[in-house]
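S.K.: Dropping a structure here in structure tokens format, bear with me for questions.
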Amino acid sequence: MTVNRRGVSRRNLLLGSAALGTAASMPGGLFRPYVSRAADRPLIPHGLQSGDVSLNSGVVWARTDRPAQALIEWSTEESFRNPTALPVLDALPESDYTVKLLVEDLPAGQDIFYRVRFRDLAETSIVGEAQTGHFRTAPAGARDITFVWSGDTAGQGWGIDPDHGGMLTYASMARHQPDFFIHSGDTIYADGPIVAEKATPDGGVWRSLVLEEKTKVAETLGEFRANYKYNLMDEHVRALNAAVPMFAQWDDHEVTNNWYPGYRLDAKDEYTVKPVSLLAARAARAFHEYMPIATTLAEPQRIYRKIAYGPSLDVFFLDMRTYRGPNTDNDQAEPGPETVFLGHEQMTWLKRELTASKATWKVIAADMPLGVIVWNDGTNKRGSEAIANGVEGKPLGRELEIANLLSFIKHSGVTNTVWFTADVHYTAAHHYDPNRAAFQDFLPFWEFVSGPLHSGTFGPNDLDPTFGPEVRYAKAPAEGQTNLPPSAGLQFFGLVRIDGRTEQMTVSLRDRVDAELWSVTLDPVRA
């Protein structure tokens, strides 16, 4: 893997990244002093991550640069007095030297500090410097909760340009010290090569850090892995990861644009591997290796899941990509293989978990919006990539599955559902109401859209009227402007606060420099 940009060498970049960690050589436990040759120490070049934090558990992730053993400890004290040692993990080439561990039996509602260092497997006396991370477990009782969400990282060729501050939206999210960050998908752009220089619409030049594997579309497992390593080269991404747990899901660009199972890339000359199912298998492996997601540790490759974050909040993560049928005109009158979007197994799980939830708020984290029209062929406005089909009137195609879900939520007495999503590269607040809808058998609800984190800005898209959406706020490029760079300022994230006393949920839409654009406070419905 090679890094090239105006004399920036791979070794200097890795050493600089490793220096971000906190060196520690503590007496006792796994962190006793070792004999070590500094130049030969295993590095932690891509920082630490945590994720899928619940009442008494959380995932810890790290990566080193050689065969080594991960030595991990945690403590409720930043000083690491009386730390708890965790099982030693082997980092091997088969996992690209990544390791992750589900840490269990943690105290609820506590700040958890963890630290990681690696011991060389060839020379066990050589141990690298430690890096430290932090997350907060879910509360057992009433407590204020804060989280952020967004999606779409390093898309459309807009890479890490230090002259433009790198991925600044990540720094803006970190300022709020959220309990967690929902990455709503397009965590990478495996189909989006990064080159050293790219013209901006204002006549300037965007100069990106470059990895050799990232200069083409990803086809091999190594190239998919390199996409994740590329994003972790950014200092703001690493800083947020070390301080805030990430709850991740995927969409299409983790594999290739607008993919679905069985799709082939015969018409795309840039691909030598044509079956998307093969690409998706490699992409899924890289995703689970590099994302601090817990499902791999219990059920390999599953992405949909529920994370319970105390009595006020359950978060339901959907996978709108893996189980869908083909992208068609999406106008079928009856359910069938072509109308499947979530799929039977995932839909059964979602209904069961929503009904069983005792949390006040049920956040549905979707990787695509419900009522926004996303064309499969954007140039000619044909076919559906998402759910909405642009046809007025009763639900058709994939809308049939969503109509069934919305009706189930109403008749099962499930209250306080709120949808959070990204994908369309602008920010918006949509209110859905049966009184405005062609299909009326559902309760009113909100859908909030945010993104991109660091990609080209597009939109706004048209809305489909089937479920009665109304735009309460939207910010996107001016008419005629597309693929604006991050420096244009139209990069977005959302901030959510749940009041521990009233359980009111306040949602604010914010931009790259953390300016609040719009907000609303929602009162929970009481049974």
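S.K.: For region 181-200, which positions are under 21 Å from the mean Cα position of the chain (by Cα), open to solvent by 10 Å² or more (accessible area, probe 1.4 Å) and free of Cβ contacts under 8 Å to residues at least 60 places away in the same chain?
M.R.: Result: Pro193, single match.
S.K.: Report, by residue number, each residue of region 501-527 that is within 29 Å of Ala140 (Cβ to Cβ), acidic (Asp, Glu) and open to solvent by 70 Å² or more (accessible area, probe 1.4 Å). Don't jump to the end; show me each part of the working.
M.R.: Pass one, region 501-527, residues within 29 Å of Ala140 (Cβ to Cβ): 501-508, 519-527.
After this cut, where a residue has to be acidic (Asp, Glu) as well, the list is 503, 523.
Correct list: Asp523 only.
S.K.: Just give me the residues in region 107-123 being open to solvent by 10 Å² or more (accessible area, probe 1.4 Å) and within 17 Å of Pro87 (Cβ to Cβ), in sequence order. Before you say what the answer is, go through the steps one by one.
M.R.: Within region 107-123, the subset open to solvent by 10 Å² or more (accessible area, probe 1.4 Å) is 107-111, 113, 117, 119-123.
Matches in region 107-123: Arg117, Arg119, Leu121.
S.K.: Something else about it: Asp163 fails exactly one of the following numbered conditions: (1) open to solvent by less than 10 Å² (accessible area, probe 1.4 Å); (2) free of Cβ contacts under 8 Å to residues at least 60 places away in the same chain; (3) not in a loop (DSSP other than H, G, I, E, B). What is the number of that condition?
M.R.: So the condition that Asp163 fails would be (1).
S.K.: Within 25 Å of the chain's Cα centre (by Cα) and among the β-branched types (Val, Ile, Thr): is that true of Thr521 in this structure?
M.R.: When the stated conditions are applied, Thr521 passes them.
S.K.: Condition first: in a loop (DSSP other than H, G, I, E, B) and either charged (D, E, K, R) or under 22 Å from the mean Cα position of the chain (by Cα) (or both). Now tell me which residues in region 94-120 satisfy that. Walk me through it before giving the result.
M.R.: As a first pass, look at region 94-120 and keep what is in a loop (DSSP other than H, G, I, E, B): 96-97, 104-110.
Residues satisfying the conditions are Asp96, Tyr97, Glu104, Asp105.
S.K.: Give the residue that is nearest to the chain's Cα centre (by Cα), with candidates limited to residues of region 121-136 that are among the hydrophobic types (A, V, I, L, M, F, W, C) and not in a loop (DSSP other than H, G, I, E, B).
M.R.: Within region 121-136, the subset among the hydrophobic types (A, V, I, L, M, F, W, C) is 121-122, 126-127, 130, 135.
From the residues that got through so far, the ones that are not in a loop (DSSP other than H, G, I, E, B) too are 127, 135.
Numbers: Val127: 32, Phe135: 17 Å.
Across region 121-136, the extreme among qualifying residues is Phe135.
S.K.: Further question on the same structure: Taking only pairs six or more apart or across chains, which ones have beta-carbon atoms under 7 Å, a first residue in region 419-442 that is farther than 16 Å from Ala388 by Cβ and among the aromatic types (Phe, Trp, Tyr), and a second residue that is in a loop (DSSP other than H, G, I, E, B) and open to solvent by less than 10 Å² (accessible area, probe 1.4 Å)?
M.R.: Pairs found: Phe420/Ser184.
S.K.: In region 449-472, which residue that is of a type outside the set (Asp, Glu) and over 29 Å from Trp206 (Cβ atoms) is surrounded by the most Cβ atoms within 10 Å (Cβ to Cβ)? Walk me through how you get there before you give the answer.
M.R.: Within region 449-472, the first condition is being of a type outside the set (Asp, Glu), and the residues that meet it are 449-461, 463, 465-469, 471-472.
Keeping just the survivors that are over 29 Å from Trp206 (Cβ atoms) gives 463, 465-469, 471-472.
Numbers: Leu463: 22, Pro465: 18, Thr466: 25, Phe467: 27, Gly468: 21, Pro469: 23, Val471: 13, Arg472: 13.
Among them, the one singled out is Phe467.
S.K.: Regarding region 72-93, can at least one residue be identified that is open to solvent by 60 Å² or more (accessible area, probe 1.4 Å), within 21 Å of the chain's Cα centre (by Cα) and modelled with pLDDT of 95 or more?
M.R.: Checked against the condition, which is being open to solvent by 60 Å² or more (accessible area, probe 1.4 Å), within 21 Å of the chain's Cα centre (by Cα) and modelled with pLDDT of 95 or more, region 72-93 yields no hits at all.
S.K.: I want to confirm something. Restricting to region 443-458 and keeping residues that are part of a strand (DSSP E or B) and free of Cβ contacts under 8 Å to residues at least 60 places away in the same chain, which single residue is nearest to the chain's Cα centre (by Cα)? Break it down into steps so the answer makes sense when it comes.
M.R.: Here is the first cut: in region 443-458, the residues part of a strand (DSSP E or B) are 445-449, 454, 457.
Those left that are additionally free of Cβ contacts under 8 Å to residues at least 60 places away in the same chain: 445, 457.
Working: Phe445: 23, Thr457: 18 Å.
Applying the filter and picking the extreme gives Thr457.
S.K.: Suppose we keep only residues that are among the hydroxyl-bearing types (Ser, Thr, Tyr) and part of a loop (DSSP other than H, G, I, E, B) within region 364-415. Which one would you say is farthest from Thr427 (Cα to Cα)?
M.R.: In the first step, residues of region 364-415 are kept if they are among the hydroxyl-bearing types (Ser, Thr, Tyr); the result is 379, 384, 407, 412, 415.
Next cut, part of a loop (DSSP other than H, G, I, E, B) only: 379, 412, 415.
Working: Thr379: 22, Ser412: 31, Thr415: 25 Å.
Step by step, filter region 364-415, then rank; the result is Ser412.
S.K.: Please go through region 321-350 and pick out each residue that is touching a Pro at 6+ places or on another chain (Cβ under 8 Å) and farther than 15 Å from Met368 by Cβ.
M.R.: Selection gives Glu338 alone.
S.K.: Name, by its number, the condition in (1) touching a strand residue (DSSP E or B) at 6+ places or on another chain (Cβ under 9 Å); (2) over 25 Å from Val148 (Cα atoms); (3) crowded, with 20+ Cβ neighbours inside 10 Å; (4) of a type in the set (Ser, Thr, Tyr) that does not hold for Thr256.
M.R.: For Thr256, the failing item is (1).
S.K.: To continue, here is another question. Is at least one residue of region 280-294 hydrophobic (A, V, I, L, M, F, W, C), open to solvent by less than 50 Å² (accessible area, probe 1.4 Å), in a strand (DSSP E or B) and within 17 Å of Leu102 (Cβ to Cβ)? Steps first, please.
M.R.: Going through region 280-294, the residues hydrophobic (A, V, I, L, M, F, W, C) turn out to be 280-281, 283-284, 286-287, 291, 293-294.
Narrowing further to those that are open to solvent by less than 50 Å² (accessible area, probe 1.4 Å): 280, 283-284, 286-287, 291, 293-294.
Restricting the remaining residues to those that are in a strand (DSSP E or B) gives none.
No: zero hits.
S.K.: Hey, Tyr290 hits all of (1) over 14 Å from the mean Cα position of the chain (by Cα); (2) closer than 30 Å to Leu354 by Cβ; (3) of a type in the set (Phe, Trp, Tyr) but one; which does it fall short on?
M.R.: So the condition that Tyr290 fails would be (1).
S.K.: What are the residues in region 201-229 that are open to solvent by 50 Å² or more (accessible area, probe 1.4 Å) and either out of contact with any Ser or Thr (no Cβ under 9 Å at 6 or more places or on another chain) or not in a helix (DSSP H, G or I) (or both), if any?
M.R.: Within region 201-229, Pro201, Asp202, Gly203, Val205, Arg207, Thr215, Lys216, Thr220 meet the criteria.
Let's see how each residue does on (1) hydroxyl-bearing (Ser, Thr, Tyr); (2) in contact with a strand residue (DSSP E or B) (Cβ under 7 Å, 6 or more places away or on another chain); (3) within 29 Å of Ser312 (Cβ to Cβ):
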site	(1), (2), (3)
Thr379	yes, no, no
Ala388	no, yes, no
Phe408	no, no, yes
Ser412	yes, no, yes
Asp423	no, no, yes
Trp446	no, yes, yes
His454	no, yes, no
Pro465	no, no, no
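The values are calculated or read from the model by the stated rules, or taken from the named source; none is laboratory data. For clarity, every value in this text was computed on a predicted model and none was experimentally measured. All Cβ positions, glycine included, derive from the backbone under ideal geometry; neighbour counts span all protein chains shown. Quick note on the areas: whole protein, heavy atoms, side chains included, nothing else; ligands and nucleic acids left out. Shrake-Rupley method; radii C 1.70, N 1.55, O 1.52, S 1.80 Å.
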